[in-house]
1. Under the Kirkwood approximation for Rh and a Cα-based Rg, what ratio Rg/Rh is obtained for the range 30-148?
2. Could you check the simple spin-label distance between Asn74 and Asp139, using points 7 Å along Cα→Cβ, in nm with one decimal?
3. What FRET efficiency, computed as 1/(1 + (r/R0)^6) with R0 = 45 Å and r the Cβ-Cβ distance, is obtained for Asp162 and Leu42, rounded to the nearest 0.05?
4. Using a 7 Å offset from Cα along Cα-Cβ at Asp146, what residues in the range 82-125 end up with backbone N under 13 Å from the label point?
5. Give the residue from Met1, Tyr26, Gln127 lying farthest towards the positive end of the charge dipole for the chain; charges sit on Cβ (+1 for Lys and Arg, -1 for Asp and Glu) and the dipole is referred to the Cα centre.
6. For the chain, with a Gaussian network of springs between Cα atoms less than 10 Å apart, report the residue from Ser89, Ser150, Ser56 with the top mean-square fluctuation.
7. With N set to the residue count of the range 119-160, report its C-alpha Rg divided by 2.2 N^0.38 Å to two decimal places.
Amino acid sequence: MIVISDTSAITNLAAIQYLQLLPELYQQVIIPEAVYRELTDLDPPVPGTLEVQTASWLGIRQVTHREVVERLQNEVRLDPGESEAIALSLELNADLLLIDERRGRAEANRLGVKITGLLGILVEAKQKNVIPAVKPLMDALIATSDFRVSKALYNQILNIVDEIE
């Protein structure tokens with residue numbers, strides 16, 4: 001299974017100490033060089049900075065179709081990480097792209113790339129019995145990572161995983 005990730009899944013999961021969900025669910029995850037730079041070129045470091053430099057389950061790949069990246073940046077106005085993640089997904093015919101940003105998700109969908117976001121990862125982890133509950137992790141993301149989720153989506157996710165209050 002080929003899984004490509006944008007920055008948000010890595011930084012948000014690292015922020016709540018659950019980055020290990022990615023290798024537990026997908027064995028290997030590939031990030032494009034722009035995502036690697038977004039994670040490692042910041043001072044101070046962001047959650048996930050150290051982990052991506054040492055994780056054996058994380059591969060870094062260069063995008064060869066630069067024209068796709070340029071179109072996504074110029075026409076769709078996506079940042080370099082999102083643009084390269086979508087382009088790499090197309091190049092490698094990825095099974096799944098981990099992406100949260102709304103415009104990036106819409107464009108990936110339009111291009112026929114199968115996507116999931118952070119909440120989808122949590123739902124999958126619960127369904128595969130990798131985690132016991134989604135609610136505490138969603139609450140941690142909201143509290144620590146400035147992760148925004150509407151009340152309706154929050155309740156929808158809890159309903160999907162049978163944790164409705």
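Nothing in this text is a laboratory measurement; each read-out follows from the coordinates by a stated rule. Bear in mind the structure is a predicted one, so any value in this text is a computation, not a measurement. Methodologically, a virtual Cβ is constructed for each residue, glycine included, from the backbone with ideal geometry; neighbour enumeration extends over all protein chains shown.
1. Numbers: Rg = 15.1 Å, Rh = 15.5 Å.
Ratio of gyration radius to Kirkwood radius for the range 30-148: 0.97.
2. 4.9
3. On the way: r = 38 Å, r/R0 = 0.85.
It comes to 0.75.
4. No residue passes the distance filter.
5. Gln127
6. Highest fluctuation of the listed residues: Ser150.
7. Dividing the Cα radius of gyration by 2.2 N^0.38 Å gives 1.09.
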